[in-house]
Amino acid sequence: MVAPGAISGYGVILGCFVDYRVQLSQSKAPPLLRVHPSKSSNLSVFMLRTRFLLPVLALALVSGALAQSIGTPFCTPTSNSTGLPAALLGTPGGGGGSDLHLECSQGVPGEIGYFLVGNEATASVAISNGMFCLIGTGTATFYRYNVSGGGSNSLGQFDGVGVLQNLVGTSTVGSGFDVPGTIPGSVPITITSGDTWHFQAWYRDSPAAQGTSNFSNGLSVTFPTVGPTVPIAGMVQIPAGTFSMGSNAASGAPYYGQSNERPVHSVTISQSFWMSETEITQAQYQAIMGLNPSFYSGANFPVEQVTWHNARAYCAALTAQEQAAGNVPVGMEYRLPAEAEWEYACRAGTTTEFNVGASLFCGQACFLFSLHSNSGCNSSGTVSVGSYSANAFGLYDMHGNVNEWCLDSYAAYSPVSQTDPFVTGGPNRVIRSGFWSSSSNGCRSAYRISHNPGVSFASLGFRVVLAPVLVP
Ligand SMILES: [Ca+2]
């Protein structure tokens, strides 16, 4: 949330209005606001008496847009030269980070204007021909939104029917303004769930008379707490829990346990997370990244021939997409699974070598050879994801089909019990699952290999989790 910080009054308030005087003097246009700190208007007296507190950036993280209502009007506007008061309305949507779209209608056609945001609503203060309603008390602060997004003096303009819209057309907004998730200012403020902000539109009227200022009504908007997370389709919620990571399987047939799976150690996954129920498909990858690098082609086949970097780029793009839709909880992201998350999810409560029991037979996964039946499985490449039964968490192909990148660097295990382990700093990245040409041994829940993150194979894909942010 916002906390008061350094004190600086005039910079804030003058930043809102004096910019335009400068701009207009350059263009030989009349002044916009007939106020100045050295003159005794209501505003200047107020400014001389009041110290505005600049807010400092809150540490709270906000991810995604905040769906919200249209706000509550306050502050009676005065009529302009058209005989009408400018009307500020808010609507949800528009794609801005705050999910608030502002429109100001009934302004004066051809005149310039912009939107203001402040942290306090107040009784009207007469300025020129209008009523300014964001001054508040001594701790109030307010900022201007640059309507066209084209610089510090980006003004909007009222069109032929008096609707404030972009002046230079640099925004994708046809009319009105999508409020971003960040309040401008020398120290930008992120709009946070539960915040209330107050909006007003300023505009010029009667240029023939050297310009007068007017204002719309005010609009108070409370941005509600973000609702329940809505993961993308195909995500399965994995509960928090504790499990034994690794394997003590003997080194001989049919398991061929590897020394790097020892010592078995206790791991706690402290927080519930979501995991994609299948490997990321080629259709999913194509939709986000616009290309399909796979060797075995099929929309519902797993994407492969992706490097660890490619997989991370997919996750970043997916996160950005879903954050924009307001579907990513605070402190979470779409990313590759940590190795511990992967094995925990694969086991789904089992302690056997496979999540289907002590053995893996043909017909239970996409792999090449079962050491438990000593038979080949006629596997010659990847298959559609989800072709075999899911584990107890509802996850498919945790054994076989394609190998799967994890987020971690590869390292030897420690016997120490750990919570949310995550390894960084090594040259190679962990790979899990086994693939279409693996023996059953290579598909075991604890089986782990690693590779340079820059390699890609037709055996290697990934799945994603929606989980707490980790920085590899
Ligand atoms: Ca797999």
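Checking GLY174 against (1) modelled with pLDDT under 85; (2) crowded, with 21+ Cβ neighbours inside 10 Å; (3) not charged (D, E, K, R), which single condition isn't satisfied?
The single condition GLY174 does not satisfy is (2).
Return the total of residues in region 258-286 being away from the ligand (no atom under 16 Å from the Cβ), part of a loop (DSSP other than H, G, I, E, B) and either touching a residue at least 60 places away in the same chain (Cβ under 8 Å) or β-branched (Val, Ile, Thr) (or both).
6
Quick check on my filter: what residues within region 105-125 are of a type in the set (Asp, Glu) and closer than 25 Å to GLY136 by Cβ?
Within region 105-125, GLU120 is the sole residue that qualifies.
Criterion first (in contact (Cβ under 8 Å) with a residue 60 or more places away in the chain, under 30 Å from PRO92 (Cα atoms), away from the ligand (no atom under 13 Å from the Cβ) and small (Gly, Ala, Ser)) does ALA325 satisfy it?
So ALA325 fits the description; yes.
Name every residue in region 300-334 that is more than 22 Å from GLY400 (Cα to Cα) and in a loop (DSSP other than H, G, I, E, B), in order of residue number.
ALA325, GLY326, ASN327, VAL328, PRO329, VAL330, GLY331
Of everything in region 399-417 that's aliphatic (A, V, I, L, M) and more than 12 Å from the ligand (Cβ to nearest atom), which residue is surrounded by the most Cβ atoms within 10 Å (Cβ to Cβ)?
LEU407
Looking at region 396-415, which of its residues are assigned to a strand (DSSP E or B), touching a residue at least 60 places away in the same chain (Cβ under 8 Å) and closer than 16 Å to SER459 by Cα?
Answer for region 396-415, where residues must be assigned to a strand (DSSP E or B), touching a residue at least 60 places away in the same chain (Cβ under 8 Å) and closer than 16 Å to SER459 by Cα: GLU404, TRP405, CYS406.
Is region 329-336 home to any residue that is hydroxyl-bearing (Ser, Thr, Tyr), in the same structural domain as MET398 (by TED's automatic domain parsing), crowded, with 21+ Cβ neighbours inside 10 Å and under 16 Å from the mean Cα position of the chain (by Cα)?
Yes, some residue in region 329-336 is hydroxyl-bearing (Ser, Thr, Tyr), in the same structural domain as MET398 (by TED's automatic domain parsing), crowded, with 21+ Cβ neighbours inside 10 Å and under 16 Å from the mean Cα position of the chain (by Cα).
Enumerate the pairs (first residue in region 300-321 and small (Gly, Ala, Ser); second residue anywhere and part of a helix (DSSP H, G or I)) with beta-carbon separation below 6 Å, excluding pairs fewer than 6 apart on the same chain, so at least 6 apart or on different chains.
Note: pairs meeting the criteria are ALA317/ILE288.
Just checking, how many residues over region 335-382 are more than 15 Å from the ligand (Cβ to nearest atom), closer than 25 Å to PHE243 by Cβ and part of a loop (DSSP other than H, G, I, E, B)?
So the count comes out to 11.
Condition (residue is closer than 17 Å to THR278 by Cα and either within 14 Å of the ligand (Cβ to nearest atom) or under 28 Å from the mean Cα position of the chain (by Cα) (or both)) applied to region 418-432: is it met by at least one residue?
yes
Could you tell me how many of the residues in region 287-299 are assigned to a loop (DSSP other than H, G, I, E, B) and free of Cβ contacts under 8 Å to residues at least 24 places away in the same chain?
Qualifying residue count, region 287-299: 5.
Let me confirm something: among TYR388, TYR447, which residue is within 20 Å of HIS265 (Cα to Cα), hydroxyl-bearing (Ser, Thr, Tyr) and within 15 Å of the ligand (Cβ to nearest atom)?
TYR447
Quick check on PRO453: is it assigned to a loop (DSSP other than H, G, I, E, B) and over 19 Å from SER294 (Cβ atoms)?
No, not satisfied.
Kindly indicate the residue of region 287-316 that is touching a Gly at 6+ places or on another chain (Cβ under 7 Å) and either within 15 Å of the ligand (Cβ to nearest atom) or modelled with pLDDT under 95 (or both) and also nearest to HIS451 (Cα to Cα) among those meeting that condition.
Only one residue tops the list, namely VAL306.
Have a look at GLY298, GLY257, GLY234 and point out the one that is surrounded by 14 or more Cβ atoms within 10 Å (Cβ to Cβ) and in contact with a strand residue (DSSP E or B) (Cβ under 8 Å, 6 or more places away or on another chain).
Step by step, each of GLY298, GLY257, GLY234 is checked, and only GLY234 is surrounded by 14 or more Cβ atoms within 10 Å (Cβ to Cβ) and in contact with a strand residue (DSSP E or B) (Cβ under 8 Å, 6 or more places away or on another chain).
The values are calculated or read from the model by the stated rules, or taken from the named source; none is laboratory data. Note that the coordinates shown come from a computational prediction; the quantities given were computed from them, not determined experimentally. Using ideal geometry, Cβ is built from the backbone for each residue, glycine included, and neighbour counts are taken over all protein chains shown.
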